[in-house]
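Visitor: This is the structure, below, for whatever I ask next.
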Amino acid sequence: MSEVQEKNYLDNGEGFASWFFTVDHKRIGVMYLWAIGVFFIIAAIASFLVRFEHLTPGQTIVSADTYNVLFTLHGSMMVFLFIVPGVAASFGNFLIPLMIGAKDVIFPKLNLYSFWLYLFGAAVFMIALAAPADTGWTFYTPYSIETGANVILITFGIFILGFSSILTGINFIVTMHKLRAPGMTWDRLPLFCWAAYATSLLQVLATPVVGITLLLLIGERYFGLGFFDPARGGDPVMFQHFFWFYSHPAVYIMILPAMGIISEIMPVFSRKPIFGYKAIAYASLAIALISFLVWGHHMFVSGQSKLVNIIFSVITYAVAVPTAIKVFNWLWTMYKGSIELSTAMLYSLGFIFLFTIGGLTGLFLGALAADVHLHDTYFVVAHMHYVMIGGTVFGFFAALHFWYPKMWGRMFDEFKAKIAFVLIFIGFNVVFFPQFILGTLGMPRRYFNYAPEFQSLHVLSTYGTWIIGVGFILMLWTLMRPLPGKAPGNPYKSVSLEWSMESPPGTFNFDEIPTITEPVYNYGTKVEEES
Amino acid sequence: MNWLPIQASTFAPGVDIILWLVTIISVISCVLIGFLLVYFCVKYKRKSDNDQTPAITHDSFLETLWTVIPTILCIVIFIYGYVYYDQYTTTPKNAVEINVTAKQWIWSFDYSNGKKTLNELYVPVDQPIRLVMQSDDVLHSFFVPAFRVKQDVMGNRYTYINFTATKEGVYDLYCTEYCGTAHSDMLGKVHVLSKAKFASWEDGSADKAKKASAANIPPAELGNQLYSSKGCVACHSIDGADGVGPTWKGLFGKEREFTDGTKEIADENYIKNSILYPVKPPQGKIVKGYGAVMPSYKGLLDDSEITAIIEYIKTLK
């Protein structure tokens with residue numbers, strides 16, 4: 001056994017084949033990380049061009065058609081290639097077995113197959129860029145049926161990516177049921193695992209719906225079947241119902257893993273048990289379940305009935321409460337703690353603050369009368385990015401820094417990483433805060449051209465992308481150049497299981513399957529003075 | 001700096017009450033959470049690696065507090081949203097109906113007296129209006145920020161907007177459902193007129209007065225105005241850039257090649273025919289490389305206006 005453990009997972013096998021055919025969950029996680037990283041960069045470049053175009057009204061650098069392609073490329077690539085599969089598949093793969101005390105996921109070959117499917121789907125998606133879609137990432141009918149762009153290929157790519165998500169979800173769920181180490185009871189399960197569990201449920205239950213929807217769209221375009229096109233007797237609003245029935249739960253597929261990451265990091269750098277463990281765990285499940293019942297809030301002005309709008313508005317506010325509870329729990333974890341402001345902690349604090357703004361601005365959009373005004377304006381764009389960047393991407397970056405020693409066996413330059421954080425935090429707010437005001441003033445989204453009175457806010461927003469861009473580059477530069485010397489197994493004095501072995505871990509993670517005897521996040525030595 | 005548009009309908013003040021209410025709640029919450037984040041970081045900064053910390057895992061009082069307060073706030077916001085939405089969606093009995101047809105990338109309005117306008121909606125002040133809307137092609141959305149109203153428009157069923165304008169003036173109309181190339185040029189204006197001015201517009205005397213004043217401006221300049229106000233701008237550029245339709249720059253006198261292989265010099269008659277019968281043979285001919293998508297302007301432009309547009313095109317060398 002110990003001979004096997006001499007080599008860590010990174011050194012155990014060299015060359016392309018040792019990675020491409022590996023069944024090691026850690027290597028698969030790392031490969032996902034590289035893949036989503038590449039797509040993140042491509043999609044980010046598209047967004048920088050979109051913002052650059054807005055320096056002046058009318059044409060600045062590209063034509064209206066190219067602009068429409070750019071925002072579609074940005075949105076669809078960020079959603080389907082980066083953020084939906086992103087955190088769950090990369091960090092989920094790397095961490096879940098380490099956190100529950102297992103040698104691998106339960107179906108290692110299926111795991112590799114999921115990754116191949118992901119690559120295949122992504123390849124189809126990239127081929128479709130030969131005649132790139134100009135529909136927006138939502139593919140609303142009947143425009144997506146009539147446009148000359150390559151909608152079939154791109155949706156087929158997303159269809160394949162969906163299967164990758166479903167299989168990964170099944171793998172994670174079964175792994176957490178079957179492979180928890182002795183003593184790793186459900187109430188000792190790390191909150192990242194709880195979040196991954198909730199995410200997997202959503203992936204398994206919701207993804208088939210978008211698969212079916214995209215198949216119907218392909219059938220309509222290719223065979224002229226009239227599901228959604230009014231000219232053929234179809235109903236375009238039905239497409240929106242199908243689409244959001246998936247895409248709203250998908251919002252939580254995107255955010256829940258990041259919430260899990262924050263729940264892991266806050267206790268470590270506060271040296272305190274997570275506040276309200278059960279509340280956070282159950283809130284994850286509650287959010288996952290309620291998220292299936294709120295899709296209609298994307299459609300308040302779509303022409304659906306008044307009664308339906310009212311019902312969706314009520315349920316939408318029901319999902320706000322567990323989210324608020326989580327924020328307060330993270331915040332109170334710091335109370336009377338011993339706080340170290342590491343880079344990962346800074347990203348976590350950034351997450352809490354920006355996600356709070358993202359959540360609060362959701363309250364505007366849930367209110368029926370206010371949504372009539374704000375729907376499809378820049379307000380929605382800003383709200384969505386506060387949740388997706390301020391939330392998910394900040395959580396993702398926190399994870400990149402936090403588990404960096406475990407993943408790569410090296411340390412990075414904290415000082416440079418913190419400067420990158422400051423640039424990203426400031427740049428992000430400069431990009432997106434002005435967009436709230438653009439939205440309340442009535443600037444519609446997906447507009448190539450705009451009225452001159454909106455120019456100053458647009459220009460400010462574009463300047464922000466340059467700040468955040470420099471921040472991204474500095475962060476990447478810092479992480480690509482690790483400090484010399486090997487990282488210790490547990491640099492943060494964490495009590496979590498994934499820090500209990502060498503960094504990086506051996507191929508089989510644990511010499512012996514551990515027996516868990518203590519509660520999770522068992523920090524704090526002083527006797528508890530309050531109940 | 002103003003963060004809300006002017007309030008010009010009976011619905012707008014209600015929407016703004018919600019926007020202010022939620023803004024105040026949001027600012028207080030953000031300041032509170034932001035302050036605590038910073039305060040905790042400073043106060044509980046790690047002093048040594050062996051700091052002793054208490055093992056606090058829950059606090060029933062606090063947890064109840066931060067469950068109950070957000071719940072109450074959410075209920076209050078929902079009720080405000082519902083009440084004003086209910087008013088907005090209830091059609092007043094004396095509402096005047098106007099039919100709206102959206103098409104890539106033009107709004108057209110049909111009034112009960114038989115009048116028809118393009119991209120310019122005329123309504124009297126303080127009169128409840130009900131728009132009955134449909135689309136000829138893809139989805140569009142009718143959005144007037146000053147009125148705080150928005151509604152998607154589609155091909156297989158009518159959708160409706162109720163509003164009562166409260167201030168005379170000219171307000172922007174946007175399409176807010178992405179509809180392709182010229183989506184961001186699918187713009188219009190809503191003219192809110194006093195009852196007297198509206199009456200004179202309705203019986204055509206305003207048109208005559210406008211014509212009379214139009215007679216005083218050079219035709220090419222009138223053509224320039226019509227280029228924007230009648231929606232030509234959405235598809236035809238004047239700087240040579242390619243659009244949904246051919247550019248107007250250098251158009252006059254140029255040889256055109258059509259999809260059926262024939263050719264013709266673009267003279268006055270060609271342009272007039274293309275405006276009145278854009279896609280209908282034999283007069284209408286589609287330039288090679290473009291689609292047959294332009295609507296007919298028959299009945300929407302009179303002869304002098306067509307002449308003005310032709311004169312304007314002549315100036316675009």
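A short reminder: the numbers here are calculations on the coordinates, not readings from a lab. Nothing here was measured: the structure is a model prediction, and the numbers come from that model. Cβ: placed from backbone, ideal geometry, glycine included. Neighbour counts: every protein chain shown.
Visitor: Most exposed first by the Cβ proxy, i.e. fewest other Cβ within 10 Å, how do B:His191, A:His373 rank?
Guide: Working: B:His191 19, A:His373 29.
In order of increasing Cβ crowding within 10 Å: B:His191, A:His373.
Visitor: For the stretch B:96-197, with only Lys/Arg (+1) and Asp/Glu (-1) charged at the beta-carbon, what is the dipole magnitude about the Cα centre, in debye rounded to 20? Let's see the in-between values first.
Guide: Numbers: 11 positive and 11 negative charges, 63 e Å.
I would put it at about 300 debye.
Visitor: Can you check what the net charge comes to around A:Met480, using other residues whose Cβ is under 12 Å from the Cβ of A:Met480 (Lys, Arg +1; Asp, Glu -1)? Don't skip to the answer; put the middle values down first.
Guide: Details: positive: A:Arg410, A:Lys416, A:Arg481; negative: A:Asp413.
Taking every other residue near A:Met480 into account, the sum is +2.
Visitor: Need one value for A:342-354: mean number of C-beta atoms belonging to other chains within 10 Å of its residues' C-beta atoms.
Guide: Numbers: counts 0, 0, 0, 1, 1, 0, 0, 5, 1, 0, 4, 5, 0.
For this peptide, the per-residue mean of nearby foreign Cβ atoms is 1.
Visitor: Follow-up question, since we're still on this one. Can you tell me what share of the DSSP beta bridges in the protein assembly as shown is antiparallel? A percent to the nearest 5 is fine. Walk me through the numbers before you get to the answer.
Guide: On the way: 33 of 48 bridges.
Percent antiparallel among DSSP bridges in the protein assembly as shown is about 70.
Visitor: Another question about this same structure. Can you give the charge dipole size of the stretch B:217-315 about its Cα centre, rounded to the nearest 20 debye, using +1 on the beta carbon of Lys and Arg and -1 on the beta carbon of Asp and Glu? Could you put the intermediate results ahead of the total?
Guide: Working: 11 positive and 13 negative charges, 54 e Å.
Taking the Cα centre of the stretch B:217-315 as origin, the dipole is about 260 debye.
Visitor: While we're on this one: Can you give me the long-range amide H partners of B:Glu97? Hydrogens built in the peptide plane at 1.01 Å from N, cutoff under 5 Å, separation of 5 or more residues or another chain.
Guide: B:Arg130
Visitor: Right, next: Nearest 500 deg cm²/dmol is fine: what mean residue ellipticity at 222 nm does the protein assembly as shown get from its DSSP H runs of n ≥ 4 alone, each adding -39,500 (n - 2.57), divided by its residue count?
Guide: Working: 26 runs with 453 residues, N = 848.
Helix contribution divided over all residues of the protein assembly as shown: -18000 deg cm²/dmol.
Visitor: Using the number of other C-beta atoms within 10 angstrom as an exposure proxy, rank A:His241, B:His183 with the fewest first.
Guide: On the way: A:His241 18, B:His183 27.
By the 10 Å Cβ count, ascending: A:His241, B:His183.
Visitor: A further question on this structure: Under the definition of partner shielding as Cβ atoms of other protein chains within 10 Å of a residue Cβ, what is the mean value for peptide B:33-43?
Guide: Numbers: counts 9, 5, 0, 6, 8, 2, 1, 10, 9, 1, 5.
That works out to 5 on average.
Visitor: Using only Cα atoms, locate the centre of the stretch A:5-75 and the centre of the stretch A:81-155, then give the distance between them in Å, rounded to an integer.
Guide: The stretch A:5-75 and the stretch A:81-155 have Cα centres separated by 12 Å.
Visitor: Please state the relative contact order of chain B as a whole percent: Cα pairs under 8 Å, 6+ residues apart? Intermediate values should be presented prior to the final figure.
Guide: Details: 498 pairs, mean separation 45.1, N = 317.
Contact order relative to length: 14 percent.
Visitor: If contacts are Cα pairs under 8 angstrom and at least 6 residues apart, what is the relative contact order of the stretch B:100-146 in percent?
Guide: Working: 48 pairs, mean separation 19.9, N = 47.
Once normalised by length, the contact order is 42 percent.
Visitor: Okay, next question. Please rank A:Met480, A:Met126, fewest neighbouring Cβ atoms within 10 Å first, as an exposure proxy. Don't skip to the answer; put the middle values down first.
Guide: Working: A:Met480 8, A:Met126 16.
Listing A:Met480, A:Met126 from fewest to most nearby Cβ atoms yields A:Met480, A:Met126.
Visitor: Right, here's the next one. Work out the length of the dipole vector of the stretch A:140-285 about its Cα centre, built from +1 on the beta-carbon of each Lys and Arg and -1 on the beta-carbon of each Asp and Glu, and round it to the nearest 20 debye. Please list the in-between numbers first.
Guide: Working: 8 positive and 6 negative charges, 149 e Å.
Here the stretch A:140-285 has a charge dipole of around 720 debye.
Visitor: Let me ask something else about it. Among B:Ala102, B:Gln87, B:Phe147, flag the residue with its Cα farthest along the positive direction of the charge dipole of chain B, charges on Cβ as +1 for Lys/Arg and -1 for Asp/Glu.
Guide: The residue sitting most towards the positive pole is B:Phe147.
Visitor: Further question: Over all residues in A:327-336, what is the mean tally of Cβ atoms on other chains that come within 10 Å of each residue's Cβ? Write down the numbers at each step before the final one.
Guide: Numbers: counts 4, 9, 4, 2, 6, 8, 3, 7, 9, 7.
Shielding by partners across A:327-336 averages 6.
Visitor: Taking Cα centroids, how far is the stretch A:365-396 from the stretch B:167-199 in Å?
Guide: Distance between centres, Cα-based: 26 Å.
Visitor: Under a 10 Å cutoff between Cα atoms, tell me which one of B:Ser60, B:Ser296, B:Ser141 has the largest fluctuation in the Gaussian network model of chain B.
Guide: In the Gaussian network model the winner is B:Ser60.
Visitor: Looking at B:Ala55, B:Ala199, B:Ile72, which one has the Cα that reaches farthest to the positive end of the dipole of chain B (charges on Cβ: Lys, Arg +1; Asp, Glu -1)?
Guide: Result: B:Ala199, furthest along the dipole toward the positive end.
Visitor: A further question follows. Can you pull out the chymotrypsin sites (Phe, Trp or Tyr not before Pro) in the stretch A:13-79 that DSSP calls coil and that have at most 15 other Cβ atoms within 10 Å?
Guide: A:Phe21
Visitor: What is the distance in Å between the Cα centroid of the stretch A:278-336 and that of the stretch B:273-296?
Guide: Cα centroid to Cα centroid, the span is 52 Å.
Visitor: Now for a separate question. What distance in nm lies between label points placed 7 Å from Cα along the C-beta direction at B:Leu32 and B:Ile217?
Guide: Result: 5.6 nm between the two label points.
Visitor: Which residue, chosen from B:Ile286, B:Ala241, B:Thr259, occupies the Cα position most advanced towards the positive end of the dipole of the stretch B:231-317, where the dipole is computed from +1 (Lys, Arg) and -1 (Asp, Glu) charges on Cβ about the Cα centre?
Guide: Value computed over the given set: B:Thr259.
Visitor: On to the next question. State, as an integer percentage, the relative contact order of the stretch A:27-499 based on alpha-carbon contacts under 8 Å between residues 6 or more apart. Mind showing how you got there, number by number?
Guide: Working: 758 pairs, mean separation 73.9, N = 473.
It rounds to 16 percent for the stretch A:27-499.
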